[in-house]
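Note sheet for the following structure.
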Amino acid sequence: MKLPYYVPVMLNLNGRRCVIVGGGAVAERKAVSLIEAGAEVVMICPAVTTGLQRLHAEKRIVWERRPYENGDLRGAFLVYAATDRPEVNDAVIKEAADHGIPANHAGEGSRGSFITPSVMRRGSLIVAVSASGAGPGATRELCREIEESFGDDYETYIDFLSFARSGIKARVQDKQLRARLFRALSELDILASIREGRFRPWSEDELIAWMKTAGGMNLE
Ligand SMILES: C[C@@]1(CC(=O)O)c2cc3[nH]c(cc4nc(cc5[nH]c(cc(n2)[C@H]1CCC(=O)O)[C@@](C)(CC(=O)O)[C@@H]5CCC(=O)O)C(CC(=O)O)=C4CCC(=O)O)c(CCC(=O)O)c3CC(=O)O
Ligand SMILES: NC(=O)C1=CN([C@@H]2O[C@H](COP(=O)(O)OP(=O)(O)OC[C@H]3O[C@@H](n4cnc5c(N)ncnc54)[C@H](O)[C@@H]3O)[C@@H](O)[C@H]2O)C=CC1
């Protein structure tokens, strides 16, 4: 069977309502990552795992303790159909499609509009691995392999990039000058200096001093 041609996106789910239908091990895995993302998680199912019961007791998820009904997806930004009943998952996917809400089908990925990759994080660095649904076990293994070759150096590097780029964007409106500074930034080879133990985070003053030299400019 030909697998769908998936397009990766990075969603900001902070404060967004995400509805999970089902409360088994798969639903729990999705719920945990949604909570970490700051989403408002609503779970609809008659029975849940002990892990989900705890999350409910801690008020980190809302639990509607009953079977799914048409209309439950109202107001959802994202939906997960994660029951062990194919006909229920299909009904959830249909309601989501009718309302233009992206939905994940746990039992048969290609029936939904998105699938969940395996993810590794180093601070703000995210590596997501997907085999387009061909084999979730392989997806996870490959992600673990990649994880072993990424150390904390990337986290430091990404933090530096975020600091320097936002500092430049706040102070420089001129497009050409910005582009010149971004290029000069990438030529610094900060990652190598982090790896060699030579790197020390910059202060705001050091960033401004560097910008003046690299951009040949007058900054207040
Ligand atoms: C299509 C997709 C839909 C979706 O869930 O979005 C899907 C579907 C299915 N998974 C199945 C089985 C298992 N899935 C896992 C684990 C993970 N599955 C995940 C993703 C995805 N799984 C999506 C595609 C991923 C991609 O390629 O992009 C991960 C990466 C992310 C996550 O779920 O958060 C997470 C690892 C997290 C991590 O640790 O990194 C394990 C291992 C375990 O549970 O420990 C098993 C049992 C072993 C095995 O079968 O391999 C089955 C068969 C069910 C049956 O037998 O009926 C189906 C149905 C089918 O085959 O379509
Ligand atoms: N995407 C993935 O990573 C994986 C997907 N699967 C698939 O996902 C399905 C779910 O897996 P598990 O969480 O392990 O199953 P599970 O059997 O542990 O949990 C099923 C959940 O669905 C709920 N449910 C049943 N009927 C419902 C209804 N009408 N309305 C609302 N909730 C209802 C049950 O209360 C239960 O909480 C499996 O049947 C399998 O097809 C399985 C393993 C991994």
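Taking +1 at the Cβ of each Lys and Arg and -1 at the Cβ of each Asp and Glu, which of 10, 119, 109 sits farthest along the dipole of the chain towards its positive end, judged by Cα position relative to the Cα centre?
The listed residue farthest towards the positive side: 10.
Apply 1/(1 + (r/R0)^6) to the Cβ-Cβ distance of residue 87 and residue 121, taking R0 = 41 Å, and write down the FRET efficiency to the nearest 0.05.
0.70
Of 70, 81, 52, whose Cα points farthest to the positive end of the dipole of region 37-136 (charges on the beta-carbon: +1 Lys, Arg; -1 Asp, Glu; origin at the Cα centre)?
Farthest towards the positive end: 52.
How far is it, in nm, from the label point at residue 212 to the one at residue 108 when both lie 7 Å from their Cα along the line to the Cβ?
Distance between the two pseudo-spin positions: 6.7 nm.
With a sphere of radius 12 Å drawn around the Cβ of residue 159, what net charge do the other residues whose Cβ falls strictly inside it have (Lys, Arg +1; Asp, Glu -1)?
-1
Is there a quick way to get the dipole size of region 47-161? I mean about its Cα centre, with the Cβ of Lys and Arg at +1 and of Asp and Glu at -1; what is the value in debye to the nearest 20?
Computed charge dipole of region 47-161: roughly 420 debye.
Once Lys and Arg get +1 and Asp and Glu get -1 on their Cβ, which of 192, 203, 166 lies farthest toward the positive end of the dipole of region 137-207?
Result: 166.
Charges at C-beta only: +1 for Lys and Arg, -1 for Asp and Glu. How large is the resulting dipole of the chain about its Cα centre, in Debye rounded to 20?
380 debye
To the nearest 10 degrees, how steep is helix 153-171 against the longest Cα principal axis of the chain, on a 0 to 90 scale?
With rounding to tens, the tilt is 70 degrees.
Residue separation times 0.36 nm, minus the C-alpha to C-alpha distance between residue 205 and residue 32: what's the value? Before the final figure, lay out the partial values.
Details: separation 173, 0.36 × 173 = 62.28 nm, distance 4.01 nm.
Working it through step by step, the gained length comes to 58.3 nm.
Which of 139, 50, 116 moves most in a GNM of the chain, Cα contacts under 10 Å?
50
Under unit Cβ charges (Lys, Arg +1; Asp, Glu -1), what dipole magnitude, rounded to 20 debye, does region 91-218 have relative to its Cα centre?
Around 500 debye, computed over region 91-218.
With each run of n ≥ 4 DSSP H residues scored as -39500 (n - 2.57), what mean residue ellipticity at 222 nm is computed for the chain after dividing by its residue count and rounding to the nearest 500 deg cm²/dmol?
Taken over the chain, the calculation gives -13500 deg cm²/dmol.
Check which residues have an amide H placed less than 5 Å from residue 78's amide H, if you skip close sequence neighbours.
Distant-sequence amide H within range of residue 78: 19.
Report the gain in length on full extension from residue 25 to residue 149: 0.36 nm times residue separation, minus Cα-Cα distance, nm rounded to one decimal.
Here the segment from residue 25 to residue 149 would lengthen by 41.7 nm.
Whole-Hz ³J(HN,Hα) for each residue in region 116-122, computed from phi via Karplus 6.51 cos²θ - 1.76 cosθ + 1.60 with θ = phi - 60°, x for glycine and proline: what do you get?
Computed from phi, the couplings for region 116-122 are 9, x, 7, 10, 10, 10, 10 Hz.
By the scheme Lys and Arg +1, Asp and Glu -1, what is the net charge of all other residues having a beta-carbon under 12 Å from that of residue 95?
Charge balance near residue 95 sits at -2.
Between residue 6 and residue 54, what length comes free when the chain is fully extended (0.36 nm per residue of separation minus the Cα-Cα distance, one decimal in nm)?
Going from the current span to full extension adds 13.9 nm.
Values in this text are rule-based calculations from the coordinates and carry no lab data. Predicted model, so just to flag it, every value in this text is computed and none were measured. Methodologically, a virtual Cβ is constructed for each residue, glycine included, from the backbone with ideal geometry; neighbour enumeration extends over all protein chains shown.
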